[in-house]
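Notes follow once the structure below has been shown.
The values are calculated or read from the model by the stated rules, or taken from the named source; none is laboratory data. In this text the structure is predicted, and so the values were computed from the model without any measurement. Cβ coordinates were reconstructed from backbone atoms using ideal geometry, including for glycine residues, and neighbour counts include every protein chain displayed. Quick note on the areas: whole protein, heavy atoms, side chains included, nothing else; ligands and nucleic acids left out. Shrake-Rupley method; radii C 1.70, N 1.55, O 1.52, S 1.80 Å.
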Amino acid sequence: TREAIGGKEIVTFDPATGKEEIFAHSLPVGYFQIAPTENYLLYTLSEEGPVERKEIYQVLEPDDRQPGWRERSYIAKYDLATGVMQPVTFGYNNTRALDISADGRYALVMKSEERLTKRPTSLYSVYRIDLESLEAELIVEKEGFINAAQFSPDGSKILVCGSPEAFDGIGKNVKEGQTPNMYDYQLYIIDLANGGQNTQKVSTSTKVVRPITKDFNPNVQQHVWSKFDNQIYFTAENKDLISLY
């Protein structure tokens with residue numbers, strides 16, 4: 001992306017020939033992902049929350065004292081052909097787009113909320129949203145130990161990254177009574193159709209989850225489910241080295 005007269009533009013670049021082409025121009029300001037079908041952008045935007053300008057005001061939680069805490073992020077779909085920006089999510093909770101399915105129809109969206117009375121204090125719910133009908137399907141409900149998710153190439157499964165305590169500790173590999181490191185990130189697969197051995201229901205959802213790195217020691221970092229060979233590739237902290245698996 002680069003700034004141009006009239007706003008930000010997306011430029012494609014061919015490394016072999018050095019040729020550039022403008023893919024889209026005059027784009028709205030904000031963070032976005034390009035749909036695999038290349039016909040729309042999925043934006044994560046911010047909306048200012050209500051601000052009480054009084055001598056006495058209510059502090060909803062300690063972080064409410066910080067500037068910008070009442071701002072909320074939401075998802076919107078920007079159609080490249082028409083220039084129409086369509087809101088996809090709204091409400092009190094922050095939402096962010098995690099991934100877009102290969103056919104461009106579905107978005108994987110994470111909602112966050114706070115619960116200060118119990119560990120973990122932040123809870124995350126994951127939804128699959130149909131961008132044609134805007135119907136939302138709950139995949140993971142109020143899970144405190146996940147941080148990312150993405151579709152499999154065929155869209156039938158979801159790859160989730162989280163700590164060993166995610167999904168009621170199905171990925172834990174420590175002695176009874178021990179608490180695993182929250183930053184020892186693991187990978188899990190959620191089958192959107194059915195389950196299998198060594199699986200567990202995802203909260204109140206009917207989906208099931210399978211831990212795939214429970215007996216894998218290095219700490220998972222960046223990861224991708226390749227559409228070219230259907231393999232999962234990831235980097236991991238291997239003691240004081242970074243390894244690719």
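Considering only residues that are open to solvent by less than 70 Å² (accessible area, probe 1.4 Å), under 29 Å from THR37 (Cβ atoms) and not in a loop (DSSP other than H, G, I, E, B), which ones fall in segment 222-245?
Keep residues of segment 222-245 that are open to solvent by less than 70 Å² (accessible area, probe 1.4 Å), which gives 223, 225-226, 229, 232, 234-236, 238, 243.
Filter again for under 29 Å from THR37 (Cβ atoms), leaving 223, 225-226, 229, 232, 234-235.
HIS223, TRP225, ILE232, PHE234, THR235, listed by residue number.
Scan (1) without any contact (Cβ under 8 Å) to a residue 60 or more places away in the chain; (2) surrounded by 12 or more Cβ atoms within 10 Å (Cβ to Cβ); (3) out of contact with any Asp or Glu (no Cβ under 8 Å at 6 or more places or on another chain) for the single condition TRP69 breaks and write down its number.
(3)
Filtering segment 15-66 down to residues that are in contact with an Asp or Glu (Cβ under 6 Å, 6 or more places away or on another chain) and modelled with pLDDT under 90, which residue is most open to solvent (accessible area, probe 1.4 Å)?
The selected residue is GLU48.
How about segment 102-149: which of its residues are open to solvent by 20 Å² or more (accessible area, probe 1.4 Å), assigned to a strand (DSSP E or B) and of a type in the set (Asp, Glu)?
Those that are open to solvent by 20 Å² or more (accessible area, probe 1.4 Å), assigned to a strand (DSSP E or B) and of a type in the set (Asp, Glu): GLU113, GLU114, GLU137, GLU141, GLU143.
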